[in-house]
Amino acid sequence: MHVPDHDTLLTEGVIAKFLRYVQIDSPSDEDSTQAPSTTEQWEIARLLEGELLALGLRDARVDAHAIVTATLPGNVPDAPTVGLLAHFDTFPGTPGRWVKPLIHQGYSGDTIALPSGATLSTVSHPELVHCLGHDILTSDGTTLLGADDKAGVAEIMETLCRLLRDPGLKHGPVRVAFTPDEEIGKGVDHFDVPTFGAVAAYTFDGGAQGEVEAENFNATNLRVTLTGRSAHTGYAKGAMVNALHLAGELMSAIPSTMRPETTQDFEGFLHVDEIAGNVESVTLKMLLRDFTEAGLAHKRAMLEGILTGLQQRHPGCQAKLEVTGGYRNMKVEVDRDPRVMGLALKAVRDAGVAPVQRPIRGGTDGARLSFLGLPTPNLFTGGVNHHSRTEWASVQWMEKAVEVGVRLVQLWAGERLATTTGPRKDTGSFPIASA
């Protein structure tokens with residue numbers, strides 16, 4: 001795709017940038033062993049590198065893993081460096097090729113009908129109640145929109161443009177990074193925190209206006225293998241141990257109040273995400289989630305107890321449990337420096353928005369980065385209903401996200417560099433996954 005010239009980038013605005021980015025197909029692929037996981041992601045990575053260079057950020061580069069970084073030099077001596085991050089890959093489970101973005105101007109509160117036949121209403125999308133009079137961005141309903149997270153990419157790029165346009169805006173060095181493969185939990189596998197050099201960072205990867213998120217699930221991803229014993233079905237009595245039935249017992253033993261579909265807010269869960277097998281052997285992929293480490297340990301012990309019970313009740317049954325990944329709650333790391341959240345909340349208020357603090361019922365690149373020594377909470381982008389063909393975004397909320405970005409780096413310019421702390425050694429987080 002053609003790289004706009006310097007003047008166009010400075011003046012076109014956040015929505016023009018967003019509309020350009022969403023028309024580049026850039027899914028990630030969880031089955032790939034490459035980094036980035038798909039060749040499609042290179043197109044937007046190289047476009048972003050080109051745009052950053054066109055803006056005059058001379059150190060802009062895309063590395064061997066499609067991570068794009070650049071620096072906007074500060075105009076305040078000795079101000080700390082702050083980072084702004086977003087991911088450009090899109091969810092692979094929903095079509096994202098040939099996105100046809102639409103702008104529904106002056107939302108009246110009525111149902112929005114998309115060309116595909118899909119609809120958006122205040123019943124199915126309650127956040128729309130807060131968007132009366134807004135301009136609403138959607139796809140045509142045959143694909144996702146790509147606001148997750150190309151809205152964040154566009155907002156960071158526009159933040160840079162506004163800082164460049166107005167030299168009177170005081171700020172320290174601003175480091176930006178655009179990453180691949182966040183949707184498959186590999187977005188920062190190759191991220192070099194020491195070289196990035198920021199004392200704090202913010203992912204622009206949230207939802208509705210005002211969201212500021214600084215805690216997420218503690219997570220353990222597991223593979224459970226149940227081994228039974230096959231026998232001729234006509235003579236199976238006393239001989240067969242059906243692994244499929246064992247899996248059914250395991251799933252039915254999970255309390256109905258501890259499943260994703262029955263929990264919310266700070267409640268954790270046990271979830272069977274995938275199952276495959278036959279009479280002899282069944283493999284289940286399981287997700288354990290809780291906001292406290294004690295709660296996560298309790299759920300692990302509960303699952304182990306269920307497996308022990310299966311083996312005791314069904315002689316010949318064997319149960320094997322393997323940890324395949326996970327992540328930790330970033331809150332403990334973000335809280336080490338009160339400025340990280342304090343300045344984010346002030347930036348949101350300064351933009352005339354009431355902050356909404358809520359837990360992330362999932363993972364985020366910011367969690368892994370926080371445990372690598374770069375505290376990284378998450379800020380809103382104005383996009384809603386991610387991963388869906390009815391994904392949408394408010395133009396006005398996106399503009400507010402840019403305003404927050406500009407104000408945030410100004411606030412950090414008032415902090416003392418000498419009081420900041422550098423990157424710390426990782427304390428043992430697993431590779432992150434977004435679920």
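Values in this text are rule-based calculations from the coordinates and carry no lab data. What you are looking at is a predicted structure, and each value in this text was computed from that prediction instead of being measured. With ideal geometry, Cβ positions are generated from the backbone for all residues, glycine too; neighbour counts draw on all protein chains shown.
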Mind running the shape call on the stretch 356-397? Use the C-alpha gyration tensor, a ≥ b ≥ c as the square roots of the eigenvalues: rounded below 1.5 for a/c, prolate if a/b tops b/c, oblate otherwise.
prolate
Proxy reagent accessibility, fewest Cβ within 10 Å first, across 246, 163:
163, 246
Cβ-defined net charge surrounding residue 245, 13 Å radius [Lys, Arg +1; Asp, Glu -1]:
0
Roughly how many nanometres apart are two label points built 7 Å out from the Cα toward the Cβ at residue 304 and residue 108?
6.2
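Taking neighbour Cβ counts within 10 Å as the exposure measure, how do 327, 202, 107 sort from fewest upward?
107, 327, 202
Let me check I've understood the local charge: for residue 393, count other residues with C-beta under 10 angstrom from its C-beta, Lys and Arg +1, Asp and Glu -1. What total comes out?
On the way: positive: 150; negative: 135, 148, 391.
In short, -2.
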Mind counting lysine pairs for me in the chain? Cα separation below 23 Å, and the two need to be 8 or more apart along the chain or on different chains.
18
What's the angle, to the nearest 10 degrees (0 to 90), between helix 41-54's Cα axis and the longest principal axis of the chain?
20
Per-residue ellipticity at 222 nm attributable to helices in the chain (runs of n ≥ 4 DSSP H, -39500 (n - 2.57) apiece, nearest 500 deg cm²/dmol) works out to -9000 deg cm²/dmol
Residues whose modelled amide H sits under 5 Å from the amide H of residue 356, counting only those 5 or more places away in sequence or on another chain, are 211, 212
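Can you give me the relative contact order of the chain as a percent, contacts being Cα pairs under 8 Å and 6 or more apart?
Rounded, it is 23 percent for the chain.
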Could you list 230, 256, 26, 124 in order of exposure, starting from the residue whose Cβ has the fewest other Cβ atoms within 10 Å?
256, 124, 230, 26
Just to confirm my numbers, what's the Cα centroid distance between the stretch 156-225 and the stretch 334-379 in Å?
10
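Write down Rg/Rh for the stretch 218-326, rounded to two decimals, with Rg from the C-alpha atoms and Rh from the Kirkwood relation over Cα pairs. Present the calculation step by step, with values, prior to reporting the outcome.
Details: Rg = 14.8 Å, Rh = 14.5 Å.
Rg/Rh for the stretch 218-326 comes to 1.02.
For the stretch 39-175, how big is Rg over Rh, using alpha carbon atoms and the Kirkwood form of Rh? Mind showing how you got there, number by number?
On the way: Rg = 18.4 Å, Rh = 17.4 Å.
Taking Rh as the inverse mean 1/r over Cα pairs, Rg/Rh reads 1.06.
In debye to the nearest 20, how big a dipole does the chain give about its Cα centre with +1 on each Lys and Arg Cβ and -1 on each Asp and Glu Cβ? Intermediate values should be presented prior to the final figure.
Details: 38 positive and 54 negative charges, 202 e Å.
The calculation lands at about 960 debye.
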For the stretch 218-326, give the magnitude of the charge dipole about the Cα centre (Cβ charges: +1 Lys/Arg, -1 Asp/Glu; no others), in debye to the nearest 20.
440
Extreme residue, positive dipole direction of the chain, given options 108, 405, 80 (C-beta unit charges):
80
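If you take the Cα atoms of the chain, find Rg, then find the Kirkwood Rh from the mean of 1/r over all pairs, what is Rg/Rh?
Values: Rg = 23.5 Å, Rh = 23.0 Å.
For the chain, the value is 1.02.
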Longest principal axis of the chain (C-alpha) makes with the long axis of helix 243-253 (C-alpha) an angle, in degrees to the nearest 10, of 60
Environment charge at residue 107 (Cβ cut-off 14 Å; Lys +1, Arg +1, Asp -1, Glu -1):
-3
